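S.K.: Got a structure for you, written out below as structure tokens; questions coming shortly.
Read-outs: derived from the displayed coordinates by stated rules, not from any lab. Because the structure is a prediction, the values reported are computed rather than measured. Virtual Cβ from ideal backbone geometry, glycine too; neighbours counted across all protein chains shown.
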Amino acid sequence: MARVLLVDDDAPALELRKLILEREGHQVSIAADPTIARALFSELRPTHIVLDLRLPDLADGLSLIRAFRTASPSVQIIALCGWPLDLENTPESQMVNLVLTKPIRTAALVSALNTQST
């Protein structure tokens, strides 16, 4: 299964997604802000990132996408987005593997991660 880095500033959503993905057999680390996300990414070298785009600012999410993609061209990035237009016509839109629109359905996230892990 995948080594997943979950990045979200919504603590309850972060913990819930962590539990769900661990039950699916994934190894999951969590970050509640961009600074922690960058440190964990460097330390753990995840195979997959599930990233809330607004942390709470859009600039934070876009910056993380650029940093993660530059550091690891092969990392799979799933962006969680309440406003899909945030990514439209941006360079970062080409750097993510998948965009899931909020509210995120658990089955959709699990399916996306499982599909990209194989």
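S.K.: Where does the stretch 38-82 land on Rg(C-alpha)/(2.2 N^0.38 Å)?
M.R.: On the way: Rg = 10.0 Å, N = 45, 2.2 N^0.38 = 9.3 Å.
Ratio of Rg to 2.2 N^0.38 Å for the stretch 38-82: 1.07.
S.K.: What is the sum of charges, Lys and Arg at +1 and Asp and Glu at -1, for the other residues whose Cβ falls under 12 Å from the Cβ of residue 34? Kindly include the intermediate steps, with their values, before the conclusion.
M.R.: On the way: positive: 38, 54, 66; negative: 8, 9, 33, 52, 57, 60.
Spelling it out: positives minus negatives among the neighbours equals -3.
S.K.: Show log10 I(q)/I(0) for the stretch 10-54 at q = 0.17 Å⁻¹, two decimals, from a solvent-free Debye sum over equal Cα scatterers.
M.R.: The calculated log intensity ratios at q = 0.17 Å⁻¹ are -0.47.
S.K.: Kirkwood Rh, Cα Rg: Rg to Rh for the stretch 37-118? Display every interim value, and only then the final one.
M.R.: On the way: Rg = 12.0 Å, Rh = 12.9 Å.
Rg/Rh for the stretch 37-118 comes to 0.93.
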